[in-house]
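S.K.: Got a structure for you, questions after.
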Amino acid sequence: MKRENARDGVCFLCGRDGTEDPLDFHHIFGGNAADRKKCERYGLKVRLCHGRCHIFGPEAAHNCAETMRTLRRYGQRKAMIEQGWTVDEFRFHFGKNYLDDEELEEIAAIQAESA
Ligand SMILES: [Zn+2]
Ligand SMILES: [Zn+2]
């Protein structure tokens, strides 16, 4: 329990604990208020250092398309596995597929195992 809390309290990208740069919640698919609500509902948010990893740094989520993509791929994978969604169901909820065929096959295999 204690370990889980400690791990929850660090930046998803760099692992810092927020002492110098406070941690924000970043909604992985948070385009607008309704999207953010869906992210809350399915647990699709991560902690990020406010300046360095969330907003201002050269590789911050809102400053770097590559970082945003990495997070969205992580989020889609998490959502599909946890919710048991197909790619179409994911697309229905969040509008777009971010994974390639190989990754989708891998997820389908994980889903089949846990079904
Ligand atoms: Zn954000
Ligand atoms: Zn960070």
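S.K.: Computed from the mean reciprocal separation of all distinct C-alpha pairs, what Kirkwood hydrodynamic radius does region 68-115 have, in Å?
M.R.: 10.6 Å
S.K.: May I ask you to derive the FRET efficiency for Arg73 and Asn32 from their Cβ-Cβ distance with R0 = 22 Å, giving the value to the nearest 0.05?
M.R.: 0.55
S.K.: Which one of His26, Gly95, Met68 has its Cα pushed farthest toward the positive end of the charge dipole of the chain, where Lys and Arg give +1 and Asp and Glu give -1 at the Cβ?
M.R.: Most positive-ward Cα: His26.
S.K.: Against the globular-protein guess of 2.2 N^0.38 Å, express the Cα radius of gyration of region 1-96 as a ratio, rounded to two decimals.
M.R.: Computed over Cα atoms of region 1-96, the ratio equals 1.10.
S.K.: So with the 1.4 Å probe, I'd like the accessible area per residue for the chain, rounded to whole Å².
M.R.: About 65 Å² of surface per residue is accessible.
S.K.: OK, next. Express the relative contact order of region 30-78 as a whole percentage, based on alpha carbon pairs under 8 Å and six or more residues apart in sequence.
M.R.: Taking the mean separation of contacting Cα pairs over the length of region 30-78, I get 17 percent.
S.K.: Once R0 is set to 22 Å, what does the formula 1/(1 + (r/R0)^6) return for the Cβ-Cβ distance between Phe25 and Gln83, expressed as a FRET efficiency to the nearest 0.05?
M.R.: Result of the calculation: an efficiency of 0.65.
S.K.: How far is helix 101-114 tilted, in degrees, relative to the longest principal axis of the Cα atoms in the chain, given as a value from 0 to 90 rounded to the nearest 10?
M.R.: In the chain, helix 101-114 runs at an angle near 80 degrees to the longest axis.
S.K.: Treating only the Cβ of Lys, Arg, Asp and Glu as charged (+1, +1, -1, -1), what charge dipole size does the chain show about its Cα centre? Round to the nearest 20 debye.
M.R.: About 520 debye.
S.K.: Applying the Karplus parametrisation 6.51 cos²θ - 1.76 cosθ + 1.60 with θ = phi - 60° to the phi angles of region 55-64, what ³J(HN,Hα) value in whole Hz is obtained for each residue in order, glycine and proline being reported as x?
M.R.: Computed from phi, the couplings for region 55-64 are 10, 9, x, x, 10, 5, 3, 8, 10, 9 Hz.
The values are calculated or read from the model by the stated rules, or taken from the named source; none is laboratory data. None of these values were measured; they are calculated from a predicted model. Backbone-built Cβ (ideal geometry, glycine too); neighbour counts: all protein chains shown. Protein only, heavy atoms only, side chains kept; ligands, DNA and RNA dropped before computing areas. Shrake-Rupley method; radii C 1.70, N 1.55, O 1.52, S 1.80 Å.
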